[in-house]
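K.L.:
Shown below is the structure under consideration.
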Amino acid sequence: MTTSSALIDMQNATKIYQMGETNVLALNNVSLSIAQGEYIAIIGTSGSGKSTLMNIIGLLDRPTDGVYRIRGQNAGDLTDSQLADLRNKEIGFVFQQFNLLARASAWRQAELPLFYANVSRSESRRRALDALAQVGLAERADHKPEELSGGQQQRVAIARALVNRPSLLLADEPTGALDTQTGEEVMALFEKLHQEGLTLVIVTHDREIAERARRVLTMRDGAIISDTRQAAAQTIELPPASQAAANGRFNGLSQPALTPLPQPGAIAKVEEDIYETA
Amino acid sequence: MKLLRYFRVAVDSIASHKMRSGLTMLGIVIGVAAVLTILGIGRGASANILSEVSSQGTTRLTVSPGSVSSDGVAGAGGSVQTLTMGDVAILSNPDLHSDVTQVVPQYGGNTQLVAGSNNTQIRMTGTTAAYADVHNLKLAEGRFLTEDEISQRSSVIVIGTTVATDLFGRPQVVGESVRINGEPFTVVGVLKKSGNAEFGSNDNSGFIPIGVAQGRIFDAPRYRGEYTVTSISADAASEERVDAAERQIEQTLRLRHGLAADDDNDFTISTQASLLETINTITSTLTLLLGSIAAISLLVGGIGIMNIMLVSVTERTKEIGLRKALGAHNSDVLLQFLIESLVLTLLGGLIGIGISYGVALLVQSIPNFNFSLLIENDALAMALGVSAGCGLLFGLYPAIRATQLDPIEALRYE
């Protein structure tokens, strides 16, 4: 799996949290490689380690053991300050609760990463407006969060994540706080951005959301128990017929024959692989 | 400049909590205003007294009876009546005292002055004609006592304006008659209003020939057969010769009083210069004392700032987590909060300066209040410096707390 062209390369990453007397194994010997332009969903129940994995990928956390490289740079060798610079340049974060500043207008939210990138004021305003246009909110640039709907707020957050042209967009339950309709709009936006070349990692517990990705990593007990790839299926603006087809696939989820979950054998196979590499 | 952009962030944050920021600033506002006002009052009063003292002549020396020892037990000034008219006569000899130009004896006490049905209690000084010159007395009407009146012990009196208006209801009273102990005195002069109610004013004084005061009015005690005096004023030839004059007077008096080499002086010589020094010391000590009490309110204000900044950091935990996730370095977070508390205290300091200027204007508009509040540039610089220092000092701990937040925990914070 290790290739020099990989955007992200994780080898035997383990994360142990100390909680009082007990050690919690949040990430157990995970190896993962993500190439430029992938569209990945990480799925798992709460406590499965998907948040820990995301924090490590997002350079907010470092593995206790193992190696994590982003664009060939070993995160373990970098200072806090260098990690901050990498987060600023390489990674765009989208959160479940949007995490917008309460009193700033949309374009000021969007330009925030550029403040830390030492981009000039006029340049950052221009780029923030561009990013807002990219998410379809050009005419809302001067609105504050309280004047925007939930879906619009999340799109502002996505504009903020995009503004410094990151290599990787990390979304943590991006539709978790939205209703189905606006959640669908946000997913459509993600897919449009992916088609434009953005590398996308979405962390979710919602199988329906995960199903739309090209590659699904399923986590349990701190390990990746399956890593499946599927052909591109969804496009942004589906014609009514394929929309129905998509719905059909959703309905079919309950039918064992159509379940996209890896077969028990496949899981065993992956587990074997992990065991062997360990 | 990135640093300037933090000021924008700080102003935004302060503006979004106007009430809280205002209350927090209040501590600094009050502290700065109190320190500046007290400093201003101290400096104003001191400048006022100093100008008053130096307007009375800086060449004057005053000899008082009794000893004031600087290194041992101090006898109360005036407790031993050892200065006499004989001393005055010797000191008046210019051959022995080349640097002393005029010597003026005084015998003073409080007494009642009566005119018609009015009476008033005044400070009465028996003296000689040169007193007016040595003490820079100015007359509004008439003249001061003459040499002839002194030697003939005439029943004449020079009074201050307050005395004149108390007794006659008007200041033009030359030629009128007043009574002391039933004895009539003719008013020959009225002093100019000193315009200064506090220090060295003669508005409530009267002056009569010294012989009259020692004899008929106060029945002064005698010492070795000569009338005693309550003090002697002398004028030095010039400001530079004041010290020389002091030595000459001291030598003569020690000889005349038969003091041995290791005896302390049984008199005290004070000069205007030493008086100025004393006043300076007293006012600056007082100012320092009051100023430090006021500075405590600044400290309290600073602690208020720290408290609010800690609250602000906790409240914005999630924002800090977000900023870190978006690429803020620890130094960025530190500067953001440090500059926020700096802006708070600087703003408070500026408002405090404004208030103390307001108080200064108010003080100037009070009638009969003779000194103004002096706010000088160094005090302004100090006020700004201290408020900025307060912001940095008390903002530092909360800002460090902010940088230490773990971004993962901070983002999860609700």
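K.L.:
Would you mind finding the one in B:Thr252, B:Thr281 that is among the hydroxyl-bearing types (Ser, Thr, Tyr) and more than 23 Å from the chain's Cα centre (by Cα)?
P.N.:
Working: B:Thr281 fails: more than 23 Å from the chain's Cα centre (by Cα).
Of the residues listed, the single one that is among the hydroxyl-bearing types (Ser, Thr, Tyr) and more than 23 Å from the chain's Cα centre (by Cα) is B:Thr252.
K.L.:
Let me ask you something else. Please give the number of the condition B:Gly327 fails out of (1) in contact with a Lys or Arg (Cβ under 9 Å, 6 or more places away or on another chain); (2) under 14 Å from B:Ala399 (Cα atoms).
P.N.:
The number of the failed condition is (2).
K.L.:
While we're looking at this one, here's another question. Of everything in segment A:108-118, what is more than 7 Å from chain B (Cβ to nearest Cβ) and either touching a residue at least 40 places away in the same chain (Cβ under 8 Å) or surrounded by fewer than 18 Cβ atoms within 10 Å (Cβ to Cβ) (or both)? Give them in sequence order.
P.N.:
A:Gln109, A:Ala110, A:Glu111, A:Leu114
K.L.:
Take B:Ala295 and decide whether it is among the hydrophobic types (A, V, I, L, M, F, W, C) and within 14 Å of another protein chain (Cβ to nearest Cβ).
P.N.:
Details: among the hydrophobic types (A, V, I, L, M, F, W, C): yes; within 14 Å of another protein chain (Cβ to nearest Cβ): no.
Criteria not met by B:Ala295.
K.L.:
What do you reckon, is B:Leu39 touching a residue at least 12 places away in the same chain (Cβ under 8 Å) and within 14 Å of another protein chain (Cβ to nearest Cβ)? Don't jump to the end; show me each part of the working.
P.N.:
Details: touching a residue at least 12 places away in the same chain (Cβ under 8 Å): yes; within 14 Å of another protein chain (Cβ to nearest Cβ): no.
For B:Leu39, the condition - touching a residue at least 12 places away in the same chain (Cβ under 8 Å) and within 14 Å of another protein chain (Cβ to nearest Cβ) - is not met.
K.L.:
Moving on. Can you name every one of the helices (runs of 4 or more DSSP H) wholly within segment B:330-414 that holds 3 or more residues which are within 14 Å of chain A (Cβ to nearest Cβ), under 17 Å from B:Phe7 (Cβ atoms) and touching a residue at least 40 places away in the same chain (Cβ under 8 Å)? So that I can check it myself, show each step before the final result.
P.N.:
Working: elements: B:330-364, B:377-403, B:407-412.
Passing ranges, in order: B:330-364.
K.L.:
Something else now. Of everything in segment A:119-129 that's of a type in the set (D, E, K, R), more than 10 Å from chain B (Cβ to nearest Cβ) and surrounded by fewer than 17 Cβ atoms within 10 Å (Cβ to Cβ), which residue is farthest from A:Ala84 (Cα to Cα)?
P.N.:
Step one: list which residues in segment A:119-129 are of a type in the set (D, E, K, R), which gives A:121, A:123, A:125-127.
After this cut, where a residue has to be more than 10 Å from chain B (Cβ to nearest Cβ) as well, the list is A:123, A:125-127.
Keeping just the survivors that are surrounded by fewer than 17 Cβ atoms within 10 Å (Cβ to Cβ) gives A:123, A:126.
Values: A:Glu123: 21, A:Arg126: 23 Å.
Filtering first and then ranking leaves A:Arg126.
K.L.:
Given the structure, is A:Leu132 assigned to a helix (DSSP H, G or I), in contact with a Lys or Arg (Cβ under 8 Å, 6 or more places away or on another chain) and either of a type in the set (Phe, Trp, Tyr) or more than 9 Å from chain B (Cβ to nearest Cβ) (or both)?
P.N.:
Working: assigned to a helix (DSSP H, G or I): yes; in contact with a Lys or Arg (Cβ under 8 Å, 6 or more places away or on another chain): yes; either of a type in the set (Phe, Trp, Tyr) or more than 9 Å from chain B (Cβ to nearest Cβ) (or both): yes.
It is true that A:Leu132 is assigned to a helix (DSSP H, G or I), in contact with a Lys or Arg (Cβ under 8 Å, 6 or more places away or on another chain) and either of a type in the set (Phe, Trp, Tyr) or more than 9 Å from chain B (Cβ to nearest Cβ) (or both).
K.L.:
Do any residues in segment B:206-226 that are closer than 23 Å to B:Thr146 by Cα and hydroxyl-bearing (Ser, Thr, Tyr) have Cβ atoms under 8 Å from those of residues that are at pLDDT 90 or above and not in a strand (DSSP E or B), where the two are at least six apart or on different chains, and which pairs are they?
P.N.:
Sorted first by the residue in segment B:206-226, then by its partner, the list stays empty.
K.L.:
Just give me the residues in segment A:84-107 being more than 9 Å from chain B (Cβ to nearest Cβ) and assigned to a helix (DSSP H, G or I), in sequence order.
P.N.:
A:Glu90, A:Ala106, A:Trp107
K.L.:
When segment B:311-325 is examined, which residues are found to be part of a helix (DSSP H, G or I) and either within 13 Å of chain A (Cβ to nearest Cβ) or crowded, with 17+ Cβ neighbours inside 10 Å (or both)?
P.N.:
Taking segment B:311-325 as the starting set, the residues that turn out to be part of a helix (DSSP H, G or I) are B:311-315, B:317-325.
Across segment B:311-325, the qualifying residues are B:Ser312, B:Val313, B:Glu315, B:Thr317, B:Lys318, B:Glu319, B:Ile320, B:Gly321, B:Leu322, B:Arg323, B:Lys324, B:Ala325.
K.L.:
Please work out if B:Asp133 is of a type outside the set (Val, Ile, Thr), crowded, with 22+ Cβ neighbours inside 10 Å and part of a helix (DSSP H, G or I).
P.N.:
Against the criterion (of a type outside the set (Val, Ile, Thr), crowded, with 22+ Cβ neighbours inside 10 Å and part of a helix (DSSP H, G or I)), B:Asp133 does not qualify.
K.L.:
Another question about this same structure. I'm told A:Arg160 meets every condition in (1) in contact with a strand residue (DSSP E or B) (Cβ under 8 Å, 6 or more places away or on another chain); (2) among the basic types (Lys, Arg); (3) at positive phi except one. Can you identify the failing condition by its number?
P.N.:
Of the numbered conditions (1) in contact with a strand residue (DSSP E or B) (Cβ under 8 Å, 6 or more places away or on another chain); (2) among the basic types (Lys, Arg); (3) at positive phi, the odd one out for A:Arg160 is (3).
K.L.:
What number goes with the only condition from (1) out of contact with any Phe, Trp or Tyr (no Cβ under 9 Å at 6 or more places or on another chain); (2) buried (at least 21 other Cβ atoms within 10 Å of the Cβ); (3) among the β-branched types (Val, Ile, Thr) that A:Thr52 does not pass?
P.N.:
(1)
K.L.:
Given the criterion modelled with pLDDT under 90 and in contact with a Phe, Trp or Tyr (Cβ under 7 Å, 6 or more places away or on another chain), identify the matching residue among B:Ala220, B:Ala197. It would help to see each step written out before you state the result.
P.N.:
Numbers: B:Ala197 fails: in contact with a Phe, Trp or Tyr (Cβ under 7 Å, 6 or more places away or on another chain).
Among B:Ala220, B:Ala197, only B:Ala220 is modelled with pLDDT under 90 and in contact with a Phe, Trp or Tyr (Cβ under 7 Å, 6 or more places away or on another chain).
K.L.:
To continue, here is another question. Only one of these is part of a loop (DSSP other than H, G, I, E, B) and either basic (Lys, Arg) or over 19 Å from B:Asn118 (Cβ atoms) (or both): B:Ser194, B:Ser233, B:Ser274. Name it. Let's see the steps before the verdict.
P.N.:
Details: B:Ser233 fails: part of a loop (DSSP other than H, G, I, E, B); B:Ser274 fails: part of a loop (DSSP other than H, G, I, E, B).
Being part of a loop (DSSP other than H, G, I, E, B) and either basic (Lys, Arg) or over 19 Å from B:Asn118 (Cβ atoms) (or both) holds for just one of B:Ser194, B:Ser233, B:Ser274, which is B:Ser194.
The values are calculated or read from the model by the stated rules, or taken from the named source; none is laboratory data. Every value quoted in this text rests on a predicted model; they were computed, and no experiment measured them. Note that each Cβ is placed from the backbone with ideal geometry, even for glycine, and that neighbours are counted across all protein chains shown.
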